Amino acid sequence: MPRTRFVLNTFKEQIVSIENTTTETSASFATLGLNPAILKAVEESGYTTPTPIQAQAIPEVLAGHDLMASAQTGTGKTAAFILPALHRIAEPPVVRSKGPRVLVLTPTRELAQQVSDAAAKYGKNMRLKVVSILGGMPYPLQNKLLSSPVDILVATPGRLIDHIERGRIDFSRLEMLVLDEADRMLDMGFIDDVERIAAATPATRQTLLFSATLDGVIGNLANRLLKSPKRITVAAQKARHENIEQRLMYVDDMAHKNRLLDHLLRDTELSQALVFTATKRDADDLADNLMAQGHSAAALHGDMSQRERNRTLLSMRRGQVRVLVATDVAARGIDVAGISHVINFDLPKFAEDYVHRIGRTGRAGASGIAVSFASNRDTPHLKKIERFTGHSIAAHTIAGMEPRFKPRPQPASPRGKPGGFSRHTAPDSRHARPEGGRREGHSHNRFDSSAPRHGGNTATPGQTRRPASSFTLGRGHNSGNR
Ligand code: AMP
């Protein structure tokens, strides 16, 4: 059972902190007080037991409280806010207008798509219109979508601000504002946009904030936007990755990395893989190189149009693409059940991204394998990741492909943990061209300069050209925005 205690924190009021140290709950969805149409859809999804974040958050939200919850992707957090949001929408609106009744802000388009899909899935037995307003999509279509009544609006902050400034959104009947992955929105520089959007909504709204962490800047933001929030913390993500086997492979150089990757991808146990590179250009180059080697591969990164990104993800979901090469930003929110392997071709720049990356496999209870390549000079960075996760990643080798170099021994861990964590680590200088950075052309492919070039980065044999989604779920429609 959850432990409930009162804590004093930086907030003016005492707030309730419910800490759950387990990943199991004994509650059933039926006891949460949700509308029967929603319960039926949840049942039809095959979910029988609420996850801890759902069991704790849903009753608080239904009771009308503001909420700040520390829960990461993979915990079932999307349903934790979408189910009570739908419950509200099942009731008639208090104010008559065409504006949205629920607004969900997400850091990335992929996460927005996932939220829209969840709303469609759990709201399929209701009359419901969900609209996504995302960057990279045509304005005229978005204007049209906003011109008739909207129930749930899912948006990335930048594009929504554009519409607000043009006076195209009426927030007069907004009842609920959800900030999903608020920490990531702040990391991506959206804090001013988020505050401006919140300021454009009615003060009477209910506000829910979901974030990996609730401290520091997030705490300050919550202090400004939330009223007497309930606070919920679910078990840390690191405790939730028991179903993912984490492996480390030391690499000598790029040629060695490429050989290992090719070998891993030829494993028949691997159904689908998500391969992470540090930069967009590397994602393109590596996908091209893998295709040249005969793999069914595609790239996914922030330089691609939303249509291309949707199309690529749909191909992945349909199993038409086996290997997706992605950057961190684009991979956020990917929820493809068939991903059996995550391969960190390049280690993530930030240790917390490691947790997000490996969480792309082992979805919804399945098991998964996460392989990280690391060279000798990655050792300090690797230790940062291990310190963050509290988990020492076991080194693996493949017979005949062992590394020549011997990893540098690290100073003993201050906490005496395996892995010998070093407290003072040098910054990783390899990531000079991050996802958000400037693109410098495609003159050199660091993976294989002899690889033949391909015209497109998402083309694979048999791949569909049909767009992955439309932008709206029409009233009475069940799967309009899939
Ligand atoms: P999220 O943390 O929202 O990204 O959800 C992670 C995954 O868990 C998604 O594939 C959901 O469809 C799935 N999920 C959500 N709620 C449940 C539940 N109560 N039982 C089992 N799986 C769930």
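The values are calculated or read from the model by the stated rules, or taken from the named source; none is laboratory data. In this text the structure is predicted, and so the values were computed from the model without any measurement. Cβ sites come from the backbone with ideal geometry, for glycine too, and all protein chains shown count toward neighbours. These accessible areas exclude ligands, DNA and RNA; they are computed on the full protein's heavy atoms, side chains included. Shrake-Rupley method; radii C 1.70, N 1.55, O 1.52, S 1.80 Å.
Below is a table of values for the structure above.
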{"item": "Residue, nearest to V251 (Cα to Cα), within region 366-396, restricted to residues that are within 19 Å of the chain's Cα centre (by Cα) and assigned to a helix (DSSP H, G or I)", "result": "I385"}
{"item": "Condition met for G338 (within 16 Å of the ligand (Cβ to nearest atom) and open to solvent by less than 10 Å² (accessible area, probe 1.4 Å))", "result": "no"}
{"item": "Pick from region 25-68, criterion polar (S, T, N, Q) and within 28 Å of T204 (Cα to Cα), ranking: nearest to the ligand (Cβ to nearest atom)", "result": "Q54"}
{"item": "Residue list for region 74-84, restricted to those being assigned to a helix (DSSP H, G or I) and within 13 Å of the ligand (Cβ to nearest atom)", "result": "K77, T78, A79, A80, F81, I82, L83"}
{"item": "Total residues in region 55-69, condition more than 11 Å from L32 (Cα to Cα) and open to solvent by less than 20 Å² (accessible area, probe 1.4 Å)", "result": "4"}
{"item": "Single unsatisfied condition, I169 versus (1) under 19 Å from R357 (Cβ atoms); (2) in the same structural domain as G136 (by TED's automatic domain parsing); (3) among the hydrophobic types (A, V, I, L, M, F, W, C)", "result": "(1)"}
{"item": "Region 77-96 residues that are closer than 18 Å to S28 by Cβ and open to solvent by 20 Å² or more (accessible area, probe 1.4 Å), paired with ones that are more than 14 Å from the ligand (Cβ to nearest atom) and polar (S, T, N, Q) (beta carbon under 9 Å, 6 or more apart)", "result": "H87/N35"}
{"item": "Selection count, region 85-101, where residues are more than 16 Å from the ligand (Cβ to nearest atom) and either of a type in the set (A, V, I, L, M, F, W, C) or under 14 Å from the mean Cα position of the chain (by Cα) (or both)", "result": "4"}
{"item": "Candidate set from region 173-204 (those that are assigned to a loop (DSSP other than H, G, I, E, B) and among the aliphatic types (A, V, I, L, M)); member that is surrounded by the most Cβ atoms within 10 Å (Cβ to Cβ)", "result": "L174"}
{"item": "Boolean, G319 is within 16 Å of the ligand (Cβ to nearest atom), open to solvent by 10 Å² or more (accessible area, probe 1.4 Å) and in contact with a strand residue (DSSP E or B) (Cβ under 8 Å, 6 or more places away or on another chain)", "result": "no"}
{"item": "Any hit, region 103-119, residues being surrounded by fewer than 24 Cβ atoms within 10 Å (Cβ to Cβ), more than 15 Å from the ligand (Cβ to nearest atom), within 18 Å of E175 (Cα to Cα) and not hydroxyl-bearing (S, T, Y)", "result": "no"}
{"item": "Qualifying residue in region 161-170 (condition: under 25 Å from the mean Cα position of the chain (by Cα) and crowded, with 17+ Cβ neighbours inside 10 Å)", "result": "yes"}
{"item": "Residue in region 369-383 that is modelled with pLDDT under 90, away from the ligand (no atom under 14 Å from the Cβ), open to solvent by less than 10 Å² (accessible area, probe 1.4 Å) and among the polar types (S, T, N, Q) present", "result": "yes"}
{"item": "Residue check, A71 at pLDDT 90 or above and either out of contact with any Ser or Thr (no Cβ under 7 Å at 6 or more places or on another chain) or near the ligand (Cβ under 9 Å from one of its atoms) (or both)", "result": "no"}
